[in-house]
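First the structure, in the form of structure tokens, and then the observations on it.
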Amino acid sequence: MTLHEVHTSSLIVHVKPQYLTAISQQILAIPNTEIPATSEEGKIIVVLETENQGYVTDAIDKINNLDHVLITFLVYHHIEHYDSHAEGKL
């Protein structure tokens, strides 16, 4: 039996409002990221779906180190375990 993990995380990224579009594009260039919403005040909601926790922390560091990002907050993190061999079986 091979167990795998899926890590689903959400972040709020606060950026300088005039850089909202540019930073959003840079975030979307990071694999496994989605942006379901932004605000004119410079807040970006980011969703990550990854295979391990290390990727989550790496993505947070990458985003937080982008120019004009003020701060990045982890809001939610869920780990789902599944058996890849059991998929499709009833």
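The values are calculated or read from the model by the stated rules, or taken from the named source; none is laboratory data. All of these numbers come straight from a predicted model, not from anything done at the bench. Cβ coordinates were reconstructed from backbone atoms using ideal geometry, including for glycine residues, and neighbour counts include every protein chain displayed. Side chains included, ligands, DNA and RNA excluded: accessible areas come from the protein's heavy atoms. Shrake-Rupley method; radii C 1.70, N 1.55, O 1.52, S 1.80 Å.
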**Item:** Members of the range 10-48 found to be under 16 Å from Asn64 (Cβ atoms) and in contact with a Pro (Cβ under 7 Å, 6 or more places away or on another chain), listed by number
**Value:** Gly42, Ile45
**Subset of the range 1-45 (residues that are open to solvent by less than 60 Å² (accessible area, probe 1.4 Å), outside any loop (DSSP other than H, G, I, E, B) and in contact with a helix residue (DSSP H, G or I) (Cβ under 9 Å, 6 or more places away or on another chain))** = His7, Ser9, Leu11, Val13, Val15, Ile23, Ile27, Thr33, Ile35, Ile44
**Fill in**
Within the range 48-74, the residues that are aliphatic (A, V, I, L, M), buried (at least 16 other Cβ atoms within 10 Å of the Cβ) and in a strand (DSSP E or B) are Leu48, Val69
